[in-house]
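Worksheet: one structure, shown below.
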Amino acid sequence: MRSSAATLPLPARLLGVVFVPFAAGFFLSFLLRNANAVISKDLAAEFSLSSSELGMLTGAYLLAFAAMQMPVGVFLDRYGPRRVTAGLLVLAAAGVGTFALADGLTSLTLGRALIGAGVSACLMGSMKAYTLWFPLERLATLNGWTLAAGAFGAVVATAPMEFAVSQIGWRAMFGILAMLTLCAGAAIFFLVPEKPVPGATERWDEQLGKIAAIFCVAAFWRLGLPMIVLQGVYQGLFGLWLIPWLIDTQGLERGEAARWLMWTAVTYGLASLFFGQGADALARRGLPRIRLLQWGSTLGVAVFFALAFVPGLPKLSLLLAYAVGVVAPVLCYPILARHFSLAVTGRLNTALNVSMFICAFAVQIGTGMLLKLYPAVEGRYPAAGYSAAFVVLGIAQLLAWASVVTMKHEPAAGQASV
């Protein structure tokens, strides 16, 4: 029965009323997450921000996002993805408006934190909705499509965002984004149908206790660490420090650096489709999803070291290859979803997500703190500062890769006692 479900087409109506609204929300969450990379120099100049202040400001999104993950996981399993995700997107819209009207570091940080809290259910809510409405065998495909939508949001946050900001300014741009975020919340609330949630009848203490139990499952860490660290490093760098790095050490102008990130985001989106739909198709032909996870993680780690430390290589090509590799660890979501019960999928996904975003926050603020040790010259940080940060990030990714590369089999379905 399960294998035949994997070959069934996904119903067009369900895709329209479930997938599309959630994908739109995740598109905006990725756009908002990465928007500061393009306007980082504008913010630093207008508000006289140091590198550490800029890292803290941008990282406020990630810190608030991470802080919301455990409550979001409980709420998703108790109240369902429709109400939780739509309600939080209203909060995100308020945060975007606050950011657009900010008059200093405090209000900028508050707006950024509200955005992070408000979009904290976009990906996890979509994954929870998919487990309720679609066969589990199609999760990798749906997750891949959703990540591709998010990657398109990251694309818009690069060269298109840079062009829009140059025409109307960053404040007007964020005013438009506030209205779009409110529309995305309304679409989820009014279009997505309700469905009974398996974990809705659990007591609060049971729901909270199972979060701790998830973190105690060995497979969670062996499969999750590559996603947590590789994705955390990529998201932390892409969301803030890659454009400054390209400007400061590679001699690019902001527009050209933004275009490089645009092509990186496009590649990330295409890789999401491959690792999603391709993983399901190859699994039906006998290739375990974990093999793609391992091979892609190997590529991601190897290319990161080449990108950061090997001079003379084409940096754009390496950025594109790096984007391909870091998508692969996201396959831990559908693999682990089969290992745990359906009633805890919201908490499982948010446990992974909170860990990844704590890592991304550490990347953004840690890189800023390391750069502060190397005095800027004419607004540019020296290559030695970036190299020091990349050494730490490279070692962390190498250790995470080692946790999964030796696994021979995926964990058995339904075996986690949570």
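Running a GNM on the chain with Cα contacts under 10 Å, which residue among 262, 56, 173 ends up with the highest mean-square fluctuation?
Result: 173 has the largest fluctuation of those listed.
Need one number: nm distance between label points at residue 395 and residue 46, each 7 Å from Cα along Cα→Cβ, rounded to one decimal.
So the label points at residue 395 and residue 46 sit 3.8 nm apart.
Share of region 136-242's accessible area from carbon and sulfur, percent, 1.4 Å?
For region 136-242, the apolar C and S fraction of the accessible surface comes to 75 percent.
How large is the accessible surface per residue of region 44-84, computed with a 1.4 Å probe and reported in Å² as a whole number?
Per-residue accessible area for region 44-84 comes out at 33 Å².
Full extension from residue 171 to residue 405: what is 0.36 nm times the residue separation minus their Cα-Cα distance, to one decimal in nm?
Values: separation 234, 0.36 × 234 = 84.24 nm, distance 4.54 nm.
Taking residue 171 through residue 405 to full extension adds about 79.7 nm, to one decimal.
Among [x] 1.04; [y] 1.12; [z] 0.95, only one was calculated for this model; which label is it, if the read-out is Rg/Rh (Cα atoms, Kirkwood Rh)?
Given [x] 1.04; [y] 1.12; [z] 0.95, the calculated one carries the label [z].
What does the convex hull of the Cα atoms of region 157-274 come to per residue, in Å³, rounded to a whole number? Let's see the in-between values first.
On the way: hull volume 23.4 nm³, N = 118.
Cα-based convex hull of region 157-274, divided per residue, equals 198 Å³.
Give a residue-ordered list of calculated ³J(HN,Hα) values for region 378-386 (Karplus: 6.51 cos²θ - 1.76 cosθ + 1.60, θ = phi - 60°; whole Hz; x for Gly, Pro).
The phi angles translate into 6, x, 10, 8, x, 4, 4, x, 5 Hz.
Could you give the accessible area per residue of region 95-157, probe 1.4 Å, as a whole number in Å²?
22 Å²
Using the heavy atoms of the protein chains alone and a 1.4 angstrom probe, what is the accessible area of region 179-314 per residue in square angstrom?
About 42 Å² of surface per residue is accessible.
Could you tell me which trypsin sites (Lys or Arg not before Pro) in region 125-229 are loop residues by DSSP with no more than 15 other beta carbons within 10 angstrom of their beta carbon?
203
For residue 372, go through the lysines and keep the ones whose alpha-carbon is under 30 Å away, minus same-chain ones fewer than eight residues off.
41, 315
For region 101-117, what does the Karplus curve 6.51 cos²θ - 1.76 cosθ + 1.60, with θ = phi - 60°, yield as ³J(HN,Hα) per residue in whole Hz, taken in order and with x for Gly and Pro?
In residue order, the calculated couplings are 9, 4, 10, x, 4, 5, 6, 4, 5, 4, x, 5, 5, 5, 4, x, 5 Hz.
Per DSSP H run of at least 4 residues, take -39500 (n - 2.57); add these up for the chain, divide by its residues and hand me the 222 nm value, nearest 500 deg cm²/dmol.
About -24500 deg cm²/dmol.
List the lysines whose Cα lies under 23 Å from the Cα of residue 195, skipping any in the same chain that are fewer than 8 positions away.
Result set, ordered by chain and number: 128, 210.
Counting other Cβ atoms within 10 Å of each Cβ, which trypsin sites (Lys or Arg not before Pro) in region 255-333 have at most 16 and sit in a DSSP loop?
Here the sparse-neighbourhood loop sites are 285.
Given a 1.4 angstrom probe, I'd like the percentage of the accessible area of region 277-344 that is carbon and sulfur, rounded to a whole number. Present the calculation step by step, with values, prior to reporting the outcome.
Values: 1620 of 2350 Å².
Taking all protein chains in place, region 277-344 shows 69 percent carbon and sulfur surface.
The values are calculated or read from the model by the stated rules, or taken from the named source; none is laboratory data. Only a predicted model underlies this, so the values are computations on that prediction, with no experimental measurement involved. For neighbour counting, all protein chains shown are included, and Cβ atoms are generated from backbone atoms with ideal geometry for every residue, glycine included. What goes into the accessible areas is simple: the full protein's heavy atoms, side chains included, and nothing from ligands, DNA or RNA. Shrake-Rupley method; radii C 1.70, N 1.55, O 1.52, S 1.80 Å.
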